[in-house]
Amino acid sequence: MRNATTQDIGKLIELMTEFYAESNYELNTVEATRAFETLLSDSRLGFVWIIEANNTEAGYLIVTLKFAMEYSGTSACLDDLFVKPKFRNRGLSSAALQELRVYCQNNHIRAMTVEVGKDNAAAQKVYRRTGFLELGNRVLLGMALANPSHVV
C-alpha cells in the first residue's frame, strides 16, 4: 500500500465509483472529490491508502479519526475498503487490514471500528479473520445531517 495524495483523487474517484456501483449506488463525484480534498489535506481527519498489486492500483482504504473517551485516545474508523474484483481472493484485503492494524498501533490509535452490511458475509469474514469483532451489546445508530455522496 502507499499513501494517497491529492494527485490521486482522480484515480480514487474511479475506484470509488466502481465500489459504489457494486451496491447499485451512483457516486456524486463532485461531493466525493470535495471530501477527498478535505481528508487528504488534513491528517488529523484520517488518511487514504492506495492498495497496489503488480504496480497497478488494485483498490483503496480510507480511515477517518476521532477522539474516543472510551479508549482515552484516538479511534480509527475504517470508512471504505475496496479491492477490484480481478484482484480479489489474493489476500490483498487481509494484508491491507494487517498493515492498517500495525500503522494504528505504531501511531497510538487505541481502537478501530468498521461498518459492514449485515448481508455482506464475505467482508465480515475478512474483518473477523483480521481481528474485528462485535463489541458487546452495542448497536450502531446514525443520524444523517447531510445527503450521502451516493444516490441509491
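The values are calculated or read from the model by the stated rules, or taken from the named source; none is laboratory data. Worth saying up front: this structure is predicted, and the values here are computed from it rather than measured. Here the Cβ positions follow ideal geometry from the backbone for every residue, glycine too, while neighbour counts run over all protein chains shown. Note: accessible area is taken over every heavy atom of the protein model, side chains too, but ligands, DNA and RNA are not part of it. Shrake-Rupley method; radii C 1.70, N 1.55, O 1.52, S 1.80 Å.
For the chain, with a Gaussian network of springs between Cα atoms less than 10 Å apart, report the residue from Ser23, Ser93, Ser75 with the top mean-square fluctuation.
Comparing Ser23, Ser93, Ser75 in the GNM, the peak value goes to Ser23.
Restricted to Cα positions, what overall size does the range 1-94 have along the principal axes? Three whole-Å values, descending.
Over the range 1-94, Cα extents along the principal axes are 40, 31, 26 Å.
Can you list the residues, at least 5 places off or on another chain, whose amide H is less than 5 Å from the amide H of Asn28, using H built in the peptide plane?
His150, Val151
From the phi angles alone, apply the Karplus equation (6.51, -1.76, 1.60; θ = phi - 60°) to the range 39-55 and give each ³J(HN,Hα) in whole Hz, x where the residue is Gly or Pro.
5, 6, 9, 9, 5, 5, 8, x, 7, 10, 10, 9, 8, 10, 9, 6, 6
Quick one: pull the percent of accessible area on the chain belonging to carbon and sulfur, 1.4 Å probe, ligands and nucleic acids left out.
Values: 4990 of 10030 Å².
On the chain, the fraction of accessible area on carbon and sulfur atoms equals 50 percent.
Rg to Rh for the range 68-152: what is it, with Cα atoms only and Rh by Kirkwood?
Numbers: Rg = 14.5 Å, Rh = 14.8 Å.
Using Cα coordinates only, the ratio equals 0.98.
Determine ³J(HN,Hα), in whole Hz, for all residues of the range 96-109 in sequence, where each value follows from phi through the Karplus function 6.51 cos²θ - 1.76 cosθ + 1.60 and θ = phi - 60°; x replaces Gly and Pro.
Result, rounded to whole Hz: 5, 5, 5, 5, 4, 4, 4, 4, 4, 4, 5, 10, 6, 7.
What ranking, highest mean first, results for peptides 32-42, 55-65, 133-143, 116-126 when packing means the other Cβ atoms within 10 Å averaged over each residue? All intermediate terms of the calculation are to be shown ahead of the outcome.
Working: 32-42: 15.4, 55-65: 18.3, 133-143: 6.4, 116-126: 12.1.
Descending mean neighbour count gives 55-65, 32-42, 116-126, 133-143.
Take Ser72 and Ala146, extend 7 Å from each Cα along the Cα→Cβ direction, and tell me the distance between the two endpoints in nm.
Between Ser72 and Ala146, the label points sit 3.4 nm apart.
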